[in-house]
Amino acid sequence: MSKHLTLSFLLLLLFFFLILCDPSYGRFITHRTYFSLSSDLVSDGVQQLRGPPYLALNRSSSFSAESTCEQTYGFLPCTTTILGNIFLILVYGYLMFLSATYLSNGSELLLEILGPGIIGGLFLPILGALPDAMLILVSGLSGSTETAQSQVSVGMGLLAGSTVMLLTIIWGTCVIVGKCDLVDGVAQDAQDTKGFNLTESGVSTDIWTSYSARIMMISVIPFLIVQILQVLSSTSGRHLAVLIALIVSLLLLISYCLYQVLQPWIQRRKISYVKHKRVILGLLRYLRDRAVGRLFKDNGEPDEEGIKKLFSVVDSNEDGKISYSELRALVVGIRFEEIDLNKDDTVDKLMRDFDTSHDDHIDKTEFVKCISKWLKKAMTIQTVSDDPGSRTLRFLNAFHRDTDREHDLLYVGDESDEVLEDAGGSRWTSIKAVLLLLLGTLIAAAFADPLVDAVDNFSDATSIPTFFISFIALPLATNSSEAVTAIIFASRDTRKTASLTFSELYGAVTMNNVLCLSVFLALVYIRGLTWDFTSEVLVIIIVCIVVGGFASFRTNFPLWTSLVAFLLYPFSLALIYVLDYVLGWS
């Protein structure tokens, strides 16, 4: 942290030095009218020239050319030279990188104090996308409508470049640095003996990561809407298309934030349900071992007579009802070694599952009905025909394997293996978090506009379209902190860290697609700009669907998938170039 602050201080000193060295303008020592008529010196000591009674020298042509450079805020340095603008892009880009770093560090400190939910689900994704959103905002607010129309391509380039970079270069790199041996499609933590085997080495994630990828695919809906409706011939129709896409984008943003807030609760509920299934499975296997009759008929339906005989096994006092204490004694007698259970909580859930009449007892009808329900669920699992043992055992074994697989995909480890150090008390940590967030926000707000101007000036000096400059260069500044963190985290070679890494990548893209796009569409609609980004939007849709479709329906990614991701990056650039400059889409 101190290193970043030192570099920031040195950069600010450099800015002040450049400001002091900026060309100064004083009174001309030549009369403007006379200067326009003659380029001679006022006097050579011999000839007498008519003119104003004071000495004057010519202004150089280069001096007038520099006057076309407009300083941001009236004092920040600017230049029309190629090397000068490269330097400014690097400096401003580094400051945006610092902004993203401070926002990330402040968000993590705040998360340690307040935990997930509103902080982790709402503030963290928004703050992560803040630098991008700020750059997009200033690119469309600059000057007149004509100026905004020319600079808004910087915002679209950043939006497309960030999405493509995260899902191609960063995604593929995380697969490589996080690779482990794949056994039956599951990565073995910290075990990497197969080297760069394209099919037997890679990463695997939990099922929640797949859900994040599906949400990311849903977030491209506003892009599809504006893309489809842009075929309308009238200007008012296209303007309406932007408005519709903006409304949908805002609705998706709100929905995504709500989902992020509720996600910890949803995860706990689903994991709890799977644990309950494993308890039921243990109960069925325990009762099956003590069965005096069959649990299934020849037609595959549950055998109610056999289940009623099981009821008498549990009803130890033979009063025709299973009480809470009798059910608890049954649970305690079953050894659930595979999962850590709270016995009282487990019995409570079983009572709710069996006791449909809510009289705190389980009668024979309720017992038969509940056991039959779970046996039918076990029958829905596909079994291997040559499995040894009875039919009931085959169904229960298949049910066991399926439940284990489901639990493994839902839960790959504790929330964190890291031991959080005391940062000097929660109060100081809160102050530090707030200061970092404020510093990051101020830097992003202050230097977004000059960075956009530097990109625009560099484009004018080199005749390279601003879109390609912002597509390649700006994401390196605004997403580099996030990228480095993801790569370092993925290199820990565990399923838990891989799941978290890829979930954060998909979340960052989702926030780009809803928050940053909402800002962009609002600028286009409010300022009445022309929508001229068909090819750029098409690239975003293609990359999101390819990678998102890949990650939505599988939880393991062999090494060859990283090659597909890497190839998508040059493909995206080539596609935009062909569509815009060969086929003339723009």
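Give the residues of the range 135-166 that are in contact with a Cys (Cβ under 7 Å, 6 or more places away or on another chain) and over 17 Å from Ser535 (Cβ atoms), sorted by residue number.
Within the range 135-166, just Ile136 meets the criteria.
Please count how many residues of the range 209-257 are among the aliphatic types (A, V, I, L, M), closer than 26 Å to Ala551 by Cα and in contact (Cβ under 8 Å) with a residue 40 or more places away in the chain.
Looking only at that region, the number is 11.
Just to check your reading of the model, which residue among Val220, Val175 is touching a Leu at 6+ places or on another chain (Cβ under 7 Å) and closer than 24 Å to Ala574 by Cβ?
Being touching a Leu at 6+ places or on another chain (Cβ under 7 Å) and closer than 24 Å to Ala574 by Cβ holds for just one of Val220, Val175, which is Val175.
Do any helices (runs of 4 or more DSSP H) lying entirely in the range 473-586 carry at least 1 residues that are open to solvent by 40 Å² or more (accessible area, probe 1.4 Å) and under 14 Å from Gly178 (Cβ atoms), and which ones are they?
480-490, 495-511
Do you know which residues across the range 262-275 are at pLDDT 70 or above and open to solvent by less than 50 Å² (accessible area, probe 1.4 Å)?
Gln263, Pro264, Ser272, Val274
Checking the structure you have, find out if any residue of the range 153-173 is open to solvent by less than 30 Å² (accessible area, probe 1.4 Å), out of contact with any Phe, Trp or Tyr (no Cβ under 9 Å at 6 or more places or on another chain), farther than 21 Å from Ile526 by Cα and free of Cβ contacts under 8 Å to residues at least 24 places away in the same chain.
No; the residues of the range 153-173 include none that is open to solvent by less than 30 Å² (accessible area, probe 1.4 Å), out of contact with any Phe, Trp or Tyr (no Cβ under 9 Å at 6 or more places or on another chain), farther than 21 Å from Ile526 by Cα and free of Cβ contacts under 8 Å to residues at least 24 places away in the same chain.
Does Thr462 satisfy the criteria of being open to solvent by 10 Å² or more (accessible area, probe 1.4 Å) and in contact with a Ser or Thr (Cβ under 7 Å, 6 or more places away or on another chain)?
In short, no.
Let me confirm something: among Leu258, Leu251, which residue is part of a helix (DSSP H, G or I), modelled with pLDDT under 90 and open to solvent by 40 Å² or more (accessible area, probe 1.4 Å)?
Leu258
Would a scan of the range 477-488 turn up a residue that is free of Cβ contacts under 8 Å to residues at least 60 places away in the same chain, of a type outside the set (Asp, Glu) and out of contact with any Lys or Arg (no Cβ under 6 Å at 6 or more places or on another chain)?
Our first condition is that a residue be free of Cβ contacts under 8 Å to residues at least 60 places away in the same chain; within the range 477-488, this holds for 484, 488.
This time we only want the ones that are of a type outside the set (Asp, Glu), so: 484, 488.
The next check asks that each one be out of contact with any Lys or Arg (no Cβ under 6 Å at 6 or more places or on another chain); those that pass are 484, 488.
Checked the range 477-488: at least one residue is free of Cβ contacts under 8 Å to residues at least 60 places away in the same chain, of a type outside the set (Asp, Glu) and out of contact with any Lys or Arg (no Cβ under 6 Å at 6 or more places or on another chain).
Pick out the one residue from Phe354, Phe367 that is aromatic (Phe, Trp, Tyr), touching a Phe, Trp or Tyr at 6+ places or on another chain (Cβ under 6 Å) and modelled with pLDDT of 80 or more.
Only one candidate qualifies: Phe367.
The values are calculated or read from the model by the stated rules, or taken from the named source; none is laboratory data. Predicted model only: the values in this text are computed from it and were never measured. Cβ sites come from the backbone with ideal geometry, for glycine too, and all protein chains shown count toward neighbours. Protein only, heavy atoms only, side chains kept; ligands, DNA and RNA dropped before computing areas. Shrake-Rupley method; radii C 1.70, N 1.55, O 1.52, S 1.80 Å.
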